[in-house]
Amino acid sequence: MPISPWADAFDEVLFRKHPQIKFVKAGYHSISQKNGYIWARARRKILSKVYAYAGDVFNVADFSTILFGQELLKAAKQFKADLYIAHNLGALPVAIKVARKNRVKVGFDAEDFHRGEFSSHGLEAHQTIYLENKYLPQIDYLSVASPLIGKAYKSLFPQLKPVVLNNVFPAHVLQQNPSRKDLSTLSLFWFSQTVGKTRGIENIIRAMGLISEVPISLTLLGNVSVAIKDYLISIATEAKINQNRINFVDPVPEEEIFKLAAGFDIGIGAETVHCLNREYCLSNKIFTYLLAGNALVLSETQAQEKFLKDHPSIGSLYKNDDPESLAFVLQQYAQDRKLLKLHQRNARDLAVRELNWEVESKKLLNTVAAVLAT
């Protein structure tokens, strides 16, 4: 059940587009089912307090990390399957309970290094570590969204053999090669579900201010509050950047992101390292930019540095939280359009040839087949 009302329309389109898939909503809508939603929030707080004072009595940890754990368990019990797959840590206890009840296999898809998502060791971090230690040894396979996430989990749970499944997309989602008409401005693109602080956007804007003589525009796609928009505009003002060079675009359906991104020169992965997971993860931004034919400009996290080392000539790195380093990279592309076009072409070729769902899905299918055969 989505708890972000702005995503409702996109979900409905997704449901209609794939009628062969049975989508089940578990939980309460934050607006249309407000009382149930408020109850779920209160219940989670109560369970967390019980865990904090008494530990995992009555398995309270299983249902204290997500709002709708009980509702998800009830819904999952309605369906018998040969394999249950959890796609976030809160769903893992549910998948294991149902799989064990039906004596079938269970898998876990780790898009993040979950115990590394915290900057300090508070209650939520303790719960996360506890749940991973309790349930990861029970799974039949583990897929991960980056090599470094896999390496981290392998070091903790040597019996696991993580399979890397990159956050890629079907190659056909953008069938035509991108074409850019306006070559007078170096156009930058960044997207996420939410535009917010500590996402590296501040560094992008400040870098633009350091090379104000270079015509550069930045487009930010995502859900943004008035307060955050004002905050980013204030940074642009401090950097002496005309605010018309910062463009905000509301969320669009997934398939539209590729068409939108294809109109820009550079896709920026501006990860800031406020927790270990940020060092290890590879976001879907990277693979969207590749398919859209953007040159990649990535902050120097461990995962992104390794990615560009494995796939050279598709983009450039800049030092974390260093606007001057980013400004140097952007100025280089502005002055050398041949280099920019080379990296754009190589990025698109890599996505079409290798880093797409048609290729990655084979790894998933082979993994599932091997698990079910045992």
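Every read-out reported here was derived from the displayed coordinates using simple, explicitly stated rules and does not represent laboratory data. All values derive from a computational prediction rather than experimental measurement. Reconstructed Cβ throughout: ideal geometry from the backbone, glycine too, with neighbour counts over all protein chains shown.
Name the residue from L131, N166, G222 whose Cα lies farthest towards the positive end of the charge dipole of the chain, charges +1 on Cβ of Lys and Arg and -1 on Cβ of Asp and Glu.
Final value for the positive-end residue is L131.
Would you grab the residues whose amide H sits under 5 Å from the one on G269? Only those 5+ places off in sequence or on another chain, please, with H modelled 1.01 Å from N.
V297, L298, S299
Apply the Debye scattering formula to region 119-179, with a single equal point scatterer on each alpha-carbon and no solvent, then give log10 I(q)/I(0) at q = 0.17, 0.19, 0.22, 0.23 Å⁻¹.
-0.70, -0.80, -0.95, -1.00
Given the pairs K25/K97; K80/K161; K77/K105, which span a C-alpha to C-alpha distance of over 24 angstrom in this model? Spell out each step's value before the answer.
Details: K25/K97 19 Å; K80/K161 26 Å; K77/K105 15 Å.
Among K25/K97; K80/K161; K77/K105, the Cα-Cα distance tops 24 Å for K80/K161.
Please list, by residue number, every one of the trypsin sites (Lys or Arg not before Pro) in region 161-214 that is coil in DSSP and has at most 16 other beta-carbon atoms within 10 Å.
Working: sites: R180, K181, K197, R199, R206; in loops: R180, K181, K197, R199.
When the trypsin sites (Lys or Arg not before Pro) of region 161-214 are filtered for loop state and at most 16 Cβ neighbours within 10 Å, R180, K181, K197 remain.
For the chain, what does the helix formula give at 222 nm: sum of -39500 (n - 2.57) over DSSP H segments with n ≥ 4, over the residue count, nearest 500 deg cm²/dmol?
My calculation for the chain gives -14500 deg cm²/dmol from helical runs alone.
Once you charge only the Cβ atoms, +1 for Lys and Arg and -1 for Asp and Glu, what is the size of the charge dipole of region 82-171 about its Cα centre, to the nearest 20 debye?
Details: 10 positive and 8 negative charges, 88 e Å.
Taking the Cα centre of region 82-171 as origin, the dipole is about 420 debye.
Note the angle between two axes, namely the Cα long axis of helix 8-17 and the longest principal axis of the Cα atoms of the chain, as a number of degrees from 0 to 90, rounded to the nearest 10.
Rounded to the nearest ten degrees, it is 80.
Measuring from label point to label point, each 7 Å out along Cα→Cβ, what is the D250 to S234 span in nm?
So the two model labels end up 2.6 nm from each other.
Report P(r) for region 42-93: all Cα-Cα distances, bin width 10 Å, range 0 to the bin holding the largest distance, values in whole percent.
Result, from short to long distances: 24, 49, 22, 5 percent.
Of K151/K338; K229/K341; K22/K363; K45/K285; K74/K134; K151/K363, which pairs sit farther than 29 Å apart, going by alpha carbon to alpha carbon?
Details: K151/K338 37 Å; K229/K341 31 Å; K22/K363 24 Å; K45/K285 33 Å; K74/K134 21 Å; K151/K363 18 Å.
Violating the 29 Å limit, Cα to Cα: K151/K338; K229/K341; K45/K285.
Amide H to amide H, which residues 5 or more places from L221 or on other chains are under 5 Å from it, using H placed in the peptide plane?
It is W190, F191, S192, V249, by chain and number.
Explain nothing, just compute: Karplus ³J(HN,Hα) = 6.51 cos²θ - 1.76 cosθ + 1.60, θ = phi - 60°, for every residue of region 149-158 in order, whole Hz, x for Gly and Pro.
5, x, 5, 5, 5, 5, 5, 8, 10, x
Roughly how many debye, to the nearest 20, is the charge dipole of the chain about its Cα centre, given +1 on each Lys and Arg Cβ, -1 on each Asp and Glu Cβ, and no other charges?
Numbers: 45 positive and 37 negative charges, 231 e Å.
Here the size comes out at about 1120 debye.
Let me know the shape class of the chain, please: from the alpha-carbon gyration tensor, a ≥ b ≥ c as square roots of the eigenvalues, rounded when a/c is under 1.5, otherwise prolate if a/b is greater than b/c, or oblate.
Cα axes put the chain in the prolate bin.
What full-extension length gain, to one decimal in nm, is calculated for L339 and D82 as 0.36 nm per residue of separation minus the Cα-Cα distance?
87.5 nm
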